[in-house]
1. Given axes a ≥ b ≥ c from the Cα gyration tensor, I'd like to know whether the stretch 1-59 is rounded (a/c under 1.5), prolate (a/b larger than b/c) or oblate.
2. Once you order the gyration tensor axes a ≥ b ≥ c over the Cα atoms, which shape class does the stretch 49-91 get: rounded for a/c under 1.5, otherwise prolate or oblate by comparing a/b with b/c?
3. Report the charge-dipole magnitude of the stretch 13-106 in Debye, nearest 20, computed about the Cα centre from +1 at each Lys and Arg Cβ and -1 at each Asp and Glu Cβ.
4. With all protein chains present, how much of the accessible area of the chain (probe radius 1.4 Å) comes from carbon and sulfur, to the nearest whole percent?
5. Which whole-number value in Å³ per residue fits the convex hull of the alpha carbons of the stretch 67-110?
6. Give me the net charge for the shell around Pro93: Cβ to Cβ below 14 angstrom, other residues only, Lys and Arg +1, Asp and Glu -1.
7. Using helices alone, I'd like the mean residue ellipticity at 222 nm for the chain: each DSSP H run of four-plus residues gives -39500 (n - 2.57), total over residue count, nearest 500.
8. How large is the accessible surface per residue of the chain, computed with a 1.4 Å probe and reported in Å² as a whole number?
Amino acid sequence: LVVDRTGRRVIFDGVELSIEPRDFDAFVLLAEEAADAGGWVLRDSISASVQASTGRDGNPEQADRCINRLRAAFRNLASVIEVPRHAFIETKPKVGYRLAFAKSEIGFMA
């Protein structure tokens with residue numbers, strides 16, 4: 001998994017994911033946490049990221065919709081690669097989300 005912050009792209013297994021601009025920063029939060037501590041990103045942090053991208057008030061439902069769109073981006077690759085049921089994004093109810101990748105599987109470009 002490669003996250004290109006400057007180009008605002010995510011490349012997985014050589015294929016670029018189709019991530020909406022409003023969801024890109026939230027994905028970066030998930031990737032940074034997975035590459036750093038492998039922990040959970042709080043729903044409030046996802047909501048704040050979406051709010052910053054859209055200029056609209058943030059709420060937990062926005063976080064859930066964002067995660068659903070990110071999962072859909074992975075599922076769209078199902079014809080090319082095997083995608084698990086949770087589409088590489090795990091949920092911890094009432095807490096948040098995390099990417100199901102090891103630190104060594106995540107890289108960043110400027």
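1. It is oblate, given that a/c is not under 1.5 and a/b is not larger than b/c.
2. Prolate.
3. Approximately 340 debye in magnitude.
4. Of all accessible area on the chain, carbon and sulfur atoms account for 47 percent.
5. Each residue corresponds to 114 Å³ of Cα convex hull volume.
6. Taking every other residue near Pro93 into account, the sum is +2.
7. -13000 deg cm²/dmol
8. 55
The values are calculated or read from the model by the stated rules, or taken from the named source; none is laboratory data. Just so it is clear, the model here is predicted, and its values are computed rather than measured. Note that we place each Cβ from the backbone using ideal geometry, even for glycine, and neighbour counts take in every protein chain shown. Calculation scope for accessible area: heavy atoms of the full protein, side chains included, ligands and nucleic acids excluded. Shrake-Rupley method; radii C 1.70, N 1.55, O 1.52, S 1.80 Å.
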